[in-house]
Each structure stands twice: as C-alpha cells, then as structure tokens.
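These notes are about the structure you will find just below.
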Amino acid sequence: MKPYRKVAIVGAGITKFVHKAKETPKELAWAASKMALDSSGLKLSEIDAVVHGTAPDAFDGVHMKGEYLAEASGGWNKPYLRCYVGGGTGVFAPIEGWLHIASGAFDTCLVVCEEKMSNCQPHPQAAFLTIFDNFLERPLKPNLLWIFALEMNRYMSTYGLKIEDIAPVSVKNKNNAMDHPSAQAAERLTLRDVLNSEVMAWPVHRLMVSSTTDGAAAVILASEEKARSMTDKPVWIEGVGWNLDTAYWTNRDLCYPEYVEKAARMAYEMAGIKEPRKEIHIAEPYDPFAYKELHHLEGLLLCDKGKAPEDLALGRFDREKGNLPVCPSGGLLGVGNPISAAGMMKVCELFWQLRGEAGRRQVPGNPKKAVAQAWGDLMQVGTVLVCGVN
Amino acid sequence: MRKVAIIGIGAVKAGATSKELSYKEMTYAAAKLAYHDAGVDPSKLQSFVTLAEDMNEGTSIFDEYTPDQLGAAQKPMHTLCHDGLVGVADAAMQIASGLFDIVVVEAHSKASNIKNKACVEAYALDPNWVRPLGIPAQALAALEAAYYIRETGASGEALYEIVRKNKGNARLNPFAAYPKNTTFKDYQRSPSRYTPLRDIEIARHADGVCVLVLACENYAKSNGSVPIWVEGFGWATETSSVESRNWTQAAYASISAKRAYRMAGVSDPRLDIHIFEVDDTYAFKELQHLEALGIFEKGDAWKKTLEGETSPKGAKPVNVSGGCLGLGETLETKGLYQIYELVTQLRVKAGKRQVANARRGLAFAWRGVPTTSGACVILGN
C-alpha cells in the first residue's frame, strides 16, 4: 500500500463536552468547525470538501441527520458527505477525509463530528435498543451496559483478571481530564471510589462507564503541498486502517478484538511501523468503559494479550512518567463520550500533542508518533489512525 | 489519479414488494451476480462501501448489518449516507489513493418495509423551524414544481411525455418495477397529490439491490472483464434549510456536474456525452436536472422533450432504463441502478433497448425531499 500522496492535519477544534448543551446540533457542529478553521488559518471558501461523522439519527430525532447538519458543518454548496461506522465513526471520519485528499480528488477537507445525545429523553439508552437485530435480539430488550458487561466478564475470566486490575483506568483517565478544558467528567478519584461506585451490570461499575454527552470536534486536512505552504508544523496522517467484523456478535470470542488488530495492522503497514511498542509514543485507544482501554491496547498490539492490566499497574501508561502515555486527553471516561465526537476528540488530541500544544496535558519528550483508535457497532468495528511529525 | 473501472455489476429486479426475502438475502443474490460478472474470487475483494439511512432501514447504526451478506466480515467496510453514486465516487477514491485495488459498492432498498413514508420524511425536516408547521416533505417538491413550471412555461403535455417515455422505456428493462403504456388521458385523470403534482408523475418506491465491483486499471485489464471506466464524479449539497435554498436552479446538480465534467475532460456535455440517466423522482425534476447539468438551456428541456430529443432514438437519450418513474424509486439504490444501465449500454449488452454508438454516459441522482443533495458520475468504455 503506497498512498498516492501525503495528507496532513493542519487545524483542530472542539466544543465543550457537556451533559445538556443549550446549543442545537447545528450550533455545536458550527462551533467546532469554526474553531478548526480559525486554527488552520483557512477560510471556508478555501475548503474543497466537507466530511461529517455522526452516529445514529435516533439521538437527534432527525431522519437523514447528515443532510440536516450540512450547512452548519460548512457543507453549503460543496461536496459534503456523511460517513459512519457506529462508535468507530470519530476516527473513521478523518480516514474518509484522508481518502478525499490522498486520492487527488481534493486538496483541502474539513472533517467534523457532532453528537447531541441529550435530545433523547429520558436517556439515550432507549435509542440504543434499536441497534440490535430486530428479530433475534430486540425482543430480549438488551442494553449496552449488559452486552459490555458480558464482554468485560469474558475478558476477565479468560485472563484471570480482577476488577481491581481494571478500575485504575478510570482513576488515570478522569485525572488526566482535569487538564482538558472541554472535559465533562474530570475528577480526582481513588481506586476505592471507583470500586465503591454503584454496580450497573456486574462487573461494570458506574465510575467505569463513560457519560452520555453533547459535543462536537473537527479537524482540517490538507494535501502535502497545501499543508507545507500553510504551516511549519503539519501533523502527517501516516497510517489509516479500519475493519468491520460480522454482525453475529454472539458467535465471536469477546476476549480479544481481532477486528481492531486487523485495522491496526493495516495502519501500521501503511505507516511503515514494524515494532509498534517501540515506535508509538502516545496512544489514544477508545475507552467508553475502563476495560475497553486495556482490551484495545492489546488489539493495537501495544501489549501482550491479557497483560495490559499488568502494564497499567507498572505505570507504563502514565502521562508524565510512563513510556507509553495512554489517553493523555482524559479519554472518553474523563472528557466525555459524544459518540462520534469522542473519537474525533482523540484525533484532535494527537494533533495538539504532536505539535507540542497540549498545554498542561503535554506528554514530555517531544513525541513523534501517535495512534488514535475508535470502536463501535456490536463490539464489531475498529478504526485506527497513525499520525506523526518529522 | 489512478484510473478506476467498473468490472462487475449485479442487481435484483426492482419490485413494489419483495415478500419472503430479507434485504440480506436480496443483497447476497445481487453480490453473487456481481462477483461472478467481475470474475473475482470473493476472498480477493479488499474493501466495501454501503449506502444507507438508519430510519429507512428501521435500525440504528445500520452499518452493523452490512458485512455478512457481501462476504465482508473482518474486512474494511463503512457506510455512507448518500446516494449510491457517492459510493461509486468513494470506491474510486479508495482505489485512486493507492489503498486498494478492488472495492465493492452496495446499496439496497426495502422501502416496502416503511409503513408510513410521510412520517419518516417529516423527521427529515428541521425540528425547530419547519417540522412544527406540519408541511409534508412532499409538498416541498410541489412548491418547487410550481415555481419551475411558472418560470419555464413547461406544459402538461411535456410532463406527460416524460411519464410516457420513462414508463414506456421500462417495458424493455427486465429490472423495472413499474413498466406501463401511458396515455394522455391517464395523465389527465391522475389525481392531484400536491398541486401541481399528479399521482402519475411521482415515482413510486420499490425494493431492490444493486452491487458493483470496481478495480484499478492493472487489475481490470488483467482479469479478462470488459472495463467501463469511471471518468469523472462529483457530488454536492446546497443547503438543508428551506429558507435559504435556491428553489429553481437545482444548484446541487450543476455543482456536482461541473466537478465531474472537469475530471472527465468533458468540455461540452451536449456533444461529449451520449446517454443519460437523470433523476426523475418527479417528472419535472428530469427537466430541471437536465438544464442544471447543462444538457439544455434553461427553459428548453420541456420543448426538446416534446420534440423527442430525449427518447431512446433521440439525440440525447434520457432514462432508457425507465428511470425512477419506470424502474422505481429505490432510495439509496437509485444511482446504482443508473450505473447498472450505463454499464450495460456501454458494454453493448442492452439488447432491445441498446442505444447506438454510446461511448460515454452520465448518471445523476438526487436524494429526494427535503434534501438538496445530488451526485454525478461519468462512465466511458
């Protein structure tokens, strides 16, 4: 796989992540797009195409939600495209933007992800019921907490893990988020706080689940030529990968995300990464639940199977002292989880970290290569983006 | 850019209903035909794109259910919320970027599952400003039709002619759901749905599936298929708000086409393109789109239609497949049925409906009310 041409991220923007935004979905998309444009120095008229990422229409209660959000996302009188792969959308949308430019069809692309979950009353969990198979699963009235509790159980029982091995992820990420200006769920916690929080569906505790959130995030992508003329700090998209597993999730061994591994291998191959554990300096794996961060680090080949909790206990993922800082942003557990915008938040984080602009969240030692990953659908899809600076 | 070709096509017959078949079974059938047509071992397929909208499917995050019936499990696959033609553009970009050599595009319609279409369409209107007014989304098309007819003077005879032509063309298309001989009396007697739109000039929904296989030049030339080249593509959205859109021009069509023409090196679409599949969800839309695409001058399309220029034997054959009026309105699959027709024509395999000397074709699809989104693809042999 040799890409036709190089693509860089040249701007990023993010709204505050909050529980009930006063802004409409359109206003959220606009705010993130505007901030990303301003940070890149480009005007909307200089943007060739717009990609929008947003997950189920049911949240906003709008059919063809992409069309509804078009002009607020800057898609007015432009090629405008909404893509989605469920929760994996936030990292897939910049991959779609990458395709626009790497193919030679466009030179600049605005990629924005928006989600307003609070429109769904009393709780978006009801909308999630409609993601299940309408014949086989919906009659059982499953919800996300249950199916992820199944997966967490499987992960724990396969490798003999205890809840105490996983809960520190929440402590770390919510603490990291204290330094993120957009954060919704930042908190200084002890391990005991997490373990003592309410059990939602065994073994998932309240403080091991990300919140429902309203928010938007955006990046600006540009071709190599354009990027070099605009900034001396382009962040290159060096690898892209995505992979969708079967819809029959009950037939899958939930202890390991093979689809994430396949997506990661695709991205690493393109980026020329042979030893990810040595070459990747920062990881932003998808962490809607505490165990998912560990699960995904294994899928990303950054830890041995079942060994991510050991690495966590040894402090390998600490932002300041670890050799592989994980979720320096604070992740979904700390910053919040507006589905597609949460994945995009991770991509924005790579942009700021690799440019040395992450402020108090900055990972020390001039990191050069970083990976962001998102996950979604029925524990089914992995999307991976590798970024680097020279 | 790397050259991209369509090397395989597969479709099932569009129909008002598709009893006893799920969308998965229909998709599997179409995929098998497409892979066979392309002469590709399904395990060699590298990436997949589906076009779908949650509320049409009745499932949130519908992309969950897309891989198995295509043989795409544990492969790169994603979903786009647009017409099938954007799927063709997306697959072409995947190949042009150097990422993949063979990519599959799929779209399907199970419109017969939608119990209350007007209700679903109402959910596409802005929830704060437009939905509370209680205007049916279809009425937006009627307002636009009234404006268009007043501006151009398009006659009822011309609108009838489009209905007659397209439903008549469909009689030669084995995939069409609504072939019919139509008389002017049928047109006059057809009840008014939203003035000035008559029932007969509104395309009816149909179920259907279409699957395409696209490949890079090297692969297309080496595997013995007859490549039909994707020479240009473009898509555009004007605006979702009814307050600020241009009600007469179909700007989304001209913006899409401009990009596609530039890419394909088309300087004059009237001379350089020989066959057209142009969205006719409402009869007047065929006229409006043809003008926006630069095929006719503004206000001329209805006259040229009456002169027979857009008939299968005319100088600019439009919707030889039967279009949406004759083949059926198949949601996101509309554009892929257009591509199916163009590929068949450019391969000179269209039998009785074969258009003579067609070397380049244009497909244009619109997303329907209440959107102003459209996409254009140009193919050549």
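Laid out as a table, the results:
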| quantity | calculated |
| --- | --- |
| For the stretch B:1-65 versus the stretch A:232-282, the gap between their alpha-carbon centres in whole angstrom | 26 |
| Rel. contact order, % - alpha carbon contacts under 8 angstrom, at least six apart, the stretch B:1-158 | 24 |
| Rg ratio (alpha-carbon, reference 2.2 N^0.38 Å) - the stretch B:192-331 | 1.18 |
| Most positive-pole-ward Cα, A:Asn251, A:Leu140, A:Pro122, against dipole of chain A from beta carbon charges | A:Pro122 |
| Selection from A:Ala167, A:Pro325, A:Met152, by position along the positive dipole direction of chain A (Cβ) | A:Pro325 |
| Spacing of the two label points (7 Å from each Cα toward its C-beta) at A:Asn251 and A:Asp38, in nm | 5.1 |
| Projected label distance in nm at B:Ser192 and B:Ala146, using a 7 Å step from Cα toward the beta-carbon | 0.9 |
| Average other protein chain Cβ within 10 Å of Cβ, residues B:113-126 | 2 |
| Karplus-derived HN-Hα couplings along the stretch B:111-123 (A = 6.51, B = -1.76, C = 1.60, θ = phi - 60°), whole Hz, x at Gly and Pro | 4, 5, 6, 7, 5, 10, 5, 4, 5, 5, 4, 4, 6 |
| Placed amide H near A:Thr246: partners under 5 Å, 5+ positions off or other chain | B:Gln74 |
| The stretch A:303-390, dipole about Cα centre (Lys/Arg Cβ +1, Asp/Glu Cβ -1), debye to the nearest 20 | 240 |
| Exposed trypsin sites (Lys or Arg not before Pro) absent - longest run of chain A, DSSP non-H/G/I/E/B, at most 11 other C-beta within 10 Å | A:44-161 |
| Those trypsin sites (Lys or Arg not before Pro) in the stretch B:1-45 that DSSP places in a loop and that have at most 14 other beta carbons within 10 Å | B:Lys19 |
| Pairs of Cα atoms farther than 26 Å apart, chain A, % | 46 |
| Value of Rg/Rh across the stretch B:301-381 [Cα atoms, Kirkwood radius] | 0.97 |
| Dipole magnitude of the stretch B:174-268 about its Cα centre (Cβ charges: Lys, Arg +1; Asp, Glu -1), debye to nearest 20 | 220 |
| Rounded to the nearest 20 debye, dipole of the stretch B:55-179 from Cβ charges on Lys, Arg, Asp, Glu | 540 |
| Cα centroid separation, the stretch B:351-373 to the stretch B:123-202 (Å) | 18 |
| Under 14 Å, Cβ to Cβ, from B:Thr239 - net charge with Lys/Arg +1 and Asp/Glu -1 | -2 |
| Three-way shape call for the stretch A:92-201 based on the alpha-carbon gyration tensor, with the a/c threshold at 1.5 | oblate |
| Global geometry of the stretch B:145-267, whether rounded, prolate or oblate, following the gyration tensor of its Cα atoms and the 1.5 cut on a/c | oblate |
| Positive-pole candidate from A:Leu301, A:Gly334, A:Pro364, dipole of the stretch A:248-390, charges at beta carbon | A:Pro364 |
| Under DSSP loop assignment and at most 14 Cβ neighbours within 10 Å, longest GluC sites (Glu not before Pro)-free interval of chain A | A:1-197 |
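We did not get these values from a lab; they are worked out from the coordinates using the rules stated. On a predicted model such as this, the values are computed, not experimentally measured, just so you know. So basically every Cβ, Gly included, is an ideal-geometry build from the backbone, and we count neighbours across all protein chains shown.
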